[in-house]
Amino acid sequence: MKVLAFDAVRCMGCHSCELACAAAHLDGLSLMEAVLAGKRAPARLWVHPGRPFAVVITCRHCLRAPCMEACAPQALKRDPQTGAVVVEESLCIGCRDCVLACPFGAIRMEAGKAVKCDLCGGDPACVRHCPTGALRFVSPEEEGLRKQRRTIKTFLAKAGRKP
């Protein structure tokens with residue numbers, strides 16, 4: 001299963017990921033068409049502006065997802081193709097137990113229903129539209145290797161050696 005990886009150093013807090021996410025969930029409408037029709041397009045991830053870094057808050061699609069365990073009507077399910085934890089809106093009763101259970105604050109309520117990242121069916125719009133590459137859709141192993149290489153490079157640079 002691939003995951004969304006976020007690099008705070010590369011994020012400039014532009015909110016392009018939020019707009020792309022909202023647009024991807026408009027059932028074929030453009031953002032302008034949705035605005036003119038009065039349709040609200042909630043993003044499924046959120047940029048929290050901070051200093052010195054902005055932070056993207058999004059679902060981690062936990063292997064043992066607390067939100068799924070807390071959901072009495074079983075409206076949260078794992079997509080067998082992508083491994084994403086997704087909301088089956090017709091089953092959601094708006095109890096907010098998933099919101100309370102999520103350790104990352106990655107679930108919000110919109111019009112009485114839970115709203116969270118669904119990985120756009122395996123092709124996240126937020127990743128495609130991030131201008132700095134701060135968001136990536138990678139395997140956990142690939143992200144781990146990238147972080148190892150960055151750590152080694154940092155240590156070698158501090159030791160005065162070339163990586």
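The values are calculated or read from the model by the stated rules, or taken from the named source; none is laboratory data. In this text the structure is predicted, and so the values were computed from the model without any measurement. No Cβ is skipped: glycine too gets one built from the backbone with ideal geometry, and neighbour counts run over all protein chains shown.
List of remarks:
- Within the range 128-163, being under 21 Å from residue 65 (Cβ atoms) and at pLDDT 95 or above holds for 135, 137, 138.
- Picking from residues in the range 1-57 that are touching a Pro at 6+ places or on another chain (Cβ under 9 Å) and β-branched (Val, Ile, Thr), the one that is surrounded by the fewest Cβ atoms within 10 Å (Cβ to Cβ) is 55.
- Whichever residue in the range 33-46 is among the hydrophobic types (A, V, I, L, M, F, W, C) and over 10 Å from the mean Cα position of the chain (by Cα) and, among such residues, is nearest to residue 82 (Cα to Cα): 41
- Residue in the range 62-82 that is surrounded by fewer than 21 Cβ atoms within 10 Å (Cβ to Cβ), modelled with pLDDT under 95 and touching a Leu at 6+ places or on another chain (Cβ under 9 Å) present: yes
A quick yes/no check of all residues on (1) more than 23 Å from residue 138 (Cβ to Cβ); (2) among the β-branched types (Val, Ile, Thr):
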{"residue": "1", "(1), (2)": "no, no"}
{"residue": "8", "(1), (2)": "no, no"}
{"residue": "12", "(1), (2)": "no, no"}
{"residue": "34", "(1), (2)": "yes, no"}
{"residue": "57", "(1), (2)": "no, yes"}
{"residue": "61", "(1), (2)": "no, no"}
{"residue": "73", "(1), (2)": "yes, no"}
{"residue": "80", "(1), (2)": "no, no"}
{"residue": "89", "(1), (2)": "yes, no"}
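- Among the conditions (1) closer than 24 Å to residue 16 by Cβ; (2) surrounded by fewer than 18 Cβ atoms within 10 Å (Cβ to Cβ); (3) within 14 Å of the chain's Cα centre (by Cα), the only one that residue 150 does not satisfy is (3).
- Cβ pairs under 7 Å, 6+ apart, first in the range 57-69 and part of a helix (DSSP H, G or I), second buried (at least 19 other Cβ atoms within 10 Å of the Cβ): 66/102; 67/76; 67/85; 67/98; 67/102; 67/107; 68/76; 68/85
- Condition met for residue 138 (touching an Asp or Glu at 6+ places or on another chain (Cβ under 8 Å) and among the aliphatic types (A, V, I, L, M)): no
- In the range 4-34, the residues that are among the hydrophobic types (A, V, I, L, M, F, W, C) and in contact with a strand residue (DSSP E or B) (Cβ under 7 Å, 6 or more places away or on another chain): 4, 5, 6, 8, 11, 17
- Total residues in the range 90-111, condition over 18 Å from the mean Cα position of the chain (by Cα) and at pLDDT below 95: 1
- Considering the range 86-163, the qualifying helices (runs of 4 or more DSSP H), each wholly inside and each with 1 or more residues that are among the basic types (Lys, Arg), run over 125-128, 140-158.
- Of all residues in the range 4-27, at least one satisfies being assigned to a strand (DSSP E or B), closer than 29 Å to residue 150 by Cα, among the aromatic types (Phe, Trp, Tyr) and out of contact with any Phe, Trp or Tyr (no Cβ under 8 Å at 6 or more places or on another chain).
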